[in-house]
Amino acid sequence: MRPAGRALALCVLLLAAGCAAQGDIQDIAPGEVPPLETDEAGLWMVMDRAEQRLRASGRVVEDPALKGYVRGVVCDLSPDYCDDIRVYIVRAAEFNASMAPNGTLHVWTGLLLRVQNEAQLAFVLGHELVHYQRRHTLKRWRTVRNTTDSLVFFNFALAGAGVGILAPLVQLAALGGVLSYSRDQEREADELGFASMSAAGYEPKEAQKLWDMLLAEREASADPDRDIFFSTHPGEKERSESLAKLAAEVDGRSYQVRREPLLAVTLPHHDGWLHDELQRRDYGRFEVMLDYLQEAGEETGLLLFYRGEMHRLRGAEDDDAKALQAYRDAIATGKAPPEAQRALGLLYWRQGRNDDARTAFEKYLVLDPAAEDRAMIEHYLRQL
Amino acid sequence: MRRYVVPLIVCLALFGCAQFTLVEAKRQEIGNAYSVAAQRTWNRLKEGNVELWTADGPGLESLRFYAGLKDGERLFEPRPGSNDEETLPKYRSGMTVTEVMEFVVDSLTRSGASQVKGHELRPSAFGAADGFRFELSFASATGLRYEGTAIGAVVENRLHLIIYSGTELYYFPKYREDVERIFASIQLA
């Protein structure tokens, strides 16, 4: 059966099963699996298929240390549900996480790049776990079914946020019901997620800091309406204020942010993830993200290199000069990737500064003797 | 009668819009910019500024010919309703060869491919022109792995480019030798 046909058939099945399943919905118990004849089992079946598609998509990051770390935070926050949650690290630029009712937790690499410490990650994960424990998707599904045309639920869930390159991933996340959580459910997930984060000893103020950083990025974006995270998490201003209020109410005991454990597993991936973000070519957003990462104070060499890359690709007035400066600054840290020398050489060459270009290309080949483009760089050197 | 409706619609969808024509096994002109010698027959489809050849189907393998891409032109057409207009990379005259490979890699990524890597960039003759070669690897949105190889040259600020890609298993290797002969047969107009 084709995907649209399957979705329709499942929808009919869910409608039929749902007639016998009214009344209050209790929290899901640890280890609980819905009985086969229920509408919830139908929802799980849809999610199981989405999970299979995700596994085949080639976008799942198979790094045991990274996955084990995120899973560890999930289990610390919610030990009773640890065995019910399956964590997937999804290679995708953009800040996003989603929780499906069958226990599938998607954490996008764009999120792992941006969170500055474990406390911020714990807030997001705690929030998503609330959606699971409180059966928000099932509640939403029954509300929609009882109030309007139930096909809307699936149409909405399957629509994705536009037809961008991440549409298949957005649809997978949407199948988890995340697109259709109500504001009340989001508020509840914020409050309970916040409580579980602070109960686990994480600094509560980090929740608002993260939220404000995402707002700043959005304001700088060339295309804020296409923001996947904000399209699924409404009420941004209100949430920033309510998170600040919640943080002010917690007791005065000492909390931790735990930055090092996060960086130990994410830093090895930062080069690739920064490259993914740059490929979105949303330069305003990228620059704000770089500012935040640089302010946090890690790996300035790599961040300056990507600042240079951003200016080089944008190519607006003064961008060549800014790129040149950023590459030079990156190299001065002693921790820039070898490609910074190559990029510097290409810029000098374009400006007719052939001697400087030659020096930079030669340094690149010294720093990376096995460079895959060695033959091309040697060809450039012969042309200079 | 009703049972024929769906297959008919599928047939129309597959063949009605896509106007494939036969590429005979002889020298073929590509956009008045260069020519190549086909050693076997292919199916040709013209879409915007690209001429596509395939033997078994574009989802399995294809050769994409670009002839004289100008400043501001793209490898792929922006999709309606998307933000491709702002984010799909454009060719800029004056790009170095390193930047041309980056342009191809980023274009493939923005068109929906994942894990796109360009590698082994090296000098290569493009007919009589001083050109370049590089290899590609990427995955489709559903995770199918592809390999690719590209050859090109910048002539008078315009980019000539041929990209061959196919599924890593079976189809890419199947026509690799035919493609190498095509690359070796390039003659500038």
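Derivation of every value follows stated rules applied to the coordinates shown; laboratory data play no part. Being a predicted model, the structure only gives us computed values, none of them experimental. Neighbour counts run over all protein chains shown; Cβ positions are idealised from the backbone, glycine included.
Summary of computed values
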{"read-out": "Sorted by Cβ neighbour density within 10 Å, fewest at the top, the residues A:269, B:160, A:275", "value": "A:275, A:269, B:160"}
{"read-out": "From phi via Karplus (6.51, -1.76, 1.60), per-residue ³J(HN,Hα) for segment A:367-373 in Hz, x at Gly/Pro", "value": "5, 9, x, 9, 3, 5, 9"}
{"read-out": "Estimated 222 nm signal from helices in chain B, with DSSP H stretches of n ≥ 4 weighted -39500 (n - 2.57), rounded to 500", "value": "-5500 deg cm²/dmol"}
{"read-out": "Counted charge near residue A:267, where neighbours are those whose Cβ lies closer than 13 Å (Asp, Glu -1; Lys, Arg +1)", "value": "-3"}
{"read-out": "Segment B:22-188 shape via C-alpha gyration tensor axes, a/c threshold 1.5", "value": "rounded"}
{"read-out": "Loop-located GluC sites (Glu not before Pro) in segment A:275-384 whose Cβ has at most 13 other Cβ within 10 Å (DSSP)", "value": "A:317"}
{"read-out": "Long-range amide H partners of residue B:125 with built H, under 5 Å", "value": "B:131"}
{"read-out": "Least to most buried among A:36, A:278 (fewest other Cβ within 10 Å first)", "value": "A:36, A:278"}
{"read-out": "Taking B:26, A:209, A:363 and counting other C-beta atoms within 10 Å, the order from fewest to most", "value": "B:26, A:363, A:209"}
{"read-out": "Nearby lysines by direct alpha-carbon distance to residue A:363 (threshold 17 angstrom, same-chain neighbours under 8 apart not counted)", "value": "A:335"}
{"read-out": "Over segment A:273-383, relative contact order from alpha-carbon pairs under 8 Å, at least 6 apart, %", "value": "18 percent"}
{"read-out": "Sequence-distant residues sharing a close amide H with residue B:68 (under 5 Å, placed H)", "value": "B:159, B:160, B:161"}
{"read-out": "Anchor residue B:46: lysines whose Cα lies under 21 Å away (excluding residues fewer than 8 positions away in-chain)", "value": "B:26, B:70, B:90"}
{"read-out": "Under 26 Å from residue A:237, Cα to Cα: lysines that are on another chain or at least 8 residues apart", "value": "A:139, A:205, A:209, A:245"}
{"read-out": "HN-Hα J in Hz across segment A:207-219 - Karplus 6.51, -1.76, 1.60, θ = phi - 60°, x for Gly and Pro", "value": "4, 5, 4, 5, 4, 5, 5, 5, 5, 4, 4, 5, 5"}
{"read-out": "Value of relative contact order over chain B, rounded to a whole percent, pairs C-alpha under 8 Å and six or more apart", "value": "20 percent"}
{"read-out": "For segment A:24-30, 3J(HN,Hα) per residue [Karplus equation, 6.51 cos²θ - 1.76 cosθ + 1.60, θ = phi - 60°, Hz, x = Gly/Pro]", "value": "5, 10, 7, 4, 6, 8, x"}
